[in-house]
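Structure record follows, encoded as structure tokens.
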Amino acid sequence: MSTNITTSLYCPGQFFTSTNNLEDLKNSGFTTIIAWAFHVGQNGDITNGGDLVKNGVYVGATDWQNIGNLKDGITKVNRILFSIGGWEANDFENIQNLIFNTSVDNGGGTAPGSILYTNFQLLKQNLPYIDGIDFDDESLYDEITYVAFSQMLYSLGYQVTFCPFNNIQVWIESLKELNSINSNIVTGFNLQRYSGGAENNPQDWINAIQTAMGNEFPAAAFVTPGLAGGQNNMAPAAIKSQFSEWKDDGIQSGFIWDYGSIHPGTYPTASYSNAIKLGLE
């Protein structure tokens, strides 16, 4: 199989507390693990099923260190992202307010010393295996917020990925603005092709990105479409077939939503990463 195909898996909740889960993921063939969903409170606290950074102090449970083990030993995992947001979450509204509507004296903005800067710096310092932050915003859609927040995260050592399912123009204009500042900030779009994004055509997004960014930009390689697996969703054979159709669009990567739905299940976790790879080869 090609080693250039990137396969990602969204993993909700406290999946990392189980040694069996960690070993399963290391043996799954997935190259990127995306922990979901992190939330940013009105005061900037960072949570995911419990507090990680609270009142400017890192308070995360020791179990969070387990995620770093995914990169150790025999494993295909080489990238770990933390995803912020989700359906009916107000995270990006909170981020917007902290950046633009909170005074600097009260920790507003994104400069060192601000609430957001301090808390995400603490997250990175205590969980250094985090490679990036994934934006799963499904309510705000504000370019100015994305640009300011992304720049701050990049200055702290994070990559940024976008996880859109609609409002294509906002995401692309944000990419264009950020790319004009630094082409390394945003590393890709994890395009939802399920639930609210079930009708998305990756080629439409590729074309729109290409138009906005110019002919030299690798638009097809930048779009990573995702499918939902598990019971009542797509089986590996159907996932392979769909990615085989997308191969002609220049797609070079894919993701699966989500680990909680496919494991334990009818098919091994590895069969889902293999389905993406086989479809794209």
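The values are calculated or read from the model by the stated rules, or taken from the named source; none is laboratory data. Fair warning: this is a prediction, and the values are worked out from it, not measured in the lab. Every residue, glycine among them, receives a Cβ derived from its backbone with ideal geometry; neighbour counts consider all protein chains shown. The area values use the complete protein model at the heavy-atom level, side chains included, leaving out ligands, DNA and RNA. Shrake-Rupley method; radii C 1.70, N 1.55, O 1.52, S 1.80 Å.
What to note about this one:
- MRE, 222 nm, helices only [DSSP H, n ≥ 4, -39500 (n - 2.57), over the chain, to nearest 500]: -10000 deg cm²/dmol
- Size of charge dipole - the chain - debye, nearest 20, with Cβ of Lys, Arg +1 and Asp, Glu -1, no other charges: 780
- Accessible-area composition of the chain, carbon plus sulfur, in percent [1.4 Å probe]: 45
- Distribution of pairwise C-alpha distances over the range 118-205, 10 Å bins, in %: 16, 48, 29, 7
- Shape of the range 110-264, Cα gyration tensor, a/c cut at 1.5: oblate
- List ASP105, ASP91, ordered by accessible area with a 1.4 Å probe, largest first: ASP105, ASP91
- Expressed in units of 2.2 N^0.38 Å, where N is the residue count, the Cα radius of gyration of the range 122-169 is 1.23.
- Ignoring lysines fewer than eight residues from LYS124 along the same chain, the ones with Cα atoms less than 29 angstrom from its Cα are LYS26, LYS54, LYS71, LYS76, LYS176.
- When the residues MET152, MET213 are ordered by accessible surface, computed with a 1.4 Å probe over the protein chains alone, the sequence from largest down reads MET213, MET152.
- Helices of the chain meeting both criteria, an alpha-carbon length of 15 angstrom or more along the long axis and an average Kyte-Doolittle score not below 0.0, with helices taken as full DSSP H segments, are 143-155, 168-181, 269-280.
- Projected area averaged over orientations for the chain, convex hull of C-alpha atoms, nm²: 13.7
- Cα→Cβ-extended label distance, 7 Å offset, between GLN169 and ASP51, nm: 4.3
- The range 58-167: Cα Rg divided by the 2.2 N^0.38 Å rule of thumb: 1.13
- Cα-Cα pairs of the range 13-122 separated by more than 15 Å (percent): 67
- Accessible surface, 1.4 Å probe, highest first, among residues SER241, SER174: SER241, SER174
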